[in-house]
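Notes follow the structure.
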Amino acid sequence: MPASQPELHIHPPLWARLWIVVFLPAWLWIVVQQSDGPGMVGWLVAAFGLALGARMFVMGAVGTSDGRLTVRNQFTTRTFHRDELADAVVDRAHGRLGTGWTVWLLLHNGSRHHVQLTEAPFRPGFNRALERHAARLRAWIHAPGRPQAFL
């Protein structure tokens, strides 16, 4: 497989991508069609909404065969090398008492990184999806015989 082709690609489900495509233009049309015109604040809100929707559309995790994993969250993008990553686990999204569950990447330096796309409001009902995403990330991290990235 060429290095440019992803061997791991976790992206928003089809229903979520369709929702963004349908909801965002409808929302922008409502903002622009205000009775006295959108004004400066309306245009700023519309631009922010468009940027947020576009970013939500590209959220995900892409792992390549050359050992790089790029995680695109709502407001950040971070690329890891395979040898920086120790594991992927399911844990609370916002601390011990926080709401929601998500997949976290555990790094060898002791820190962890949130894979925001995997976040779910509660574990029952979403457990299979959370575990499936964690297992796919784990398999990519611990892939036998895969070349490790050079730092």
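In the context of the full set of protein chains, the chain has a per residue accessible area of 62 Å² (1.4 Å probe).
Leaving out ligands, DNA and RNA, and with a 1.4 Å probe, what % of the accessible surface on the chain is carbon or sulfur? Write down the numbers at each step before the final one.
Numbers: 6010 of 9310 Å².
Its accessible area is 65 percent carbon and sulfur atoms.
Entry note, the chain: the mean residue ellipticity at 222 nm calculated from DSSP H runs of n ≥ 4, each adding -39500 (n - 2.57), is -12000 deg cm²/dmol after division by the residues and rounding to the nearest 500.
Please label the shape of region 14-56 as rounded, prolate or oblate, based on the square roots a ≥ b ≥ c of the eigenvalues of the alpha-carbon gyration tensor (a/c under 1.5 means rounded; beyond that, a/b larger than b/c means prolate, else oblate). Oblate shape, in that a/c is at least 1.5 and b/c is the bigger or equal ratio.
With the Cα gyration tensor of region 27-90 giving a ≥ b ≥ c as the square roots of its eigenvalues, does the rule (a/c under 1.5 for rounded; else a/b larger than b/c for prolate; else oblate) give rounded, prolate or oblate? Because a/c hits 1.5 or more and a/b exceeds b/c, region 27-90 counts as prolate.
Probe radius 1.4 Å, ligands and nucleic acids left out: which of His133, His9 has the largest accessible area, and how do the rest follow? Don't skip to the answer; put the middle values down first.
Details: His133 35, His9 90 Å².
Per-residue accessible area, sorted high to low, gives His9, His133.
Taking 15 Å as the cut-off, the amide N atoms of region 94-117 that come nearer than this to a point 7 Å along the Cα-to-beta-carbon line of Phe75 belong to 114, 116.
Let me check I've understood the local charge: for Gly53, count other residues with C-beta under 15 angstrom from its C-beta, Lys and Arg +1, Asp and Glu -1. What total comes out? Present the calculation step by step, with values, prior to reporting the outcome.
Working: positive: Arg17, Arg55, Arg72; negative: none.
Charge balance in the 15 Å sphere: +3.
Accessible surface ranking for Val103, Val62, 1.4 angstrom probe, highest first: Val62, Val103.
Neighbours of Ala88, meaning other residues whose beta-carbon lies under 13 angstrom from its beta-carbon, give a summed charge of +1 when Lys and Arg score +1 and Asp and Glu score -1.
The values are calculated or read from the model by the stated rules, or taken from the named source; none is laboratory data. It should be emphasised that the depicted structure is a prediction, and the values quoted were computed from it without experimental measurement. Neighbour counts run over all protein chains shown; Cβ positions are idealised from the backbone, glycine included. Keep in mind that these areas ignore ligands, DNA and RNA; they rest on the heavy atoms of the full protein, side chains included. Shrake-Rupley method; radii C 1.70, N 1.55, O 1.52, S 1.80 Å.
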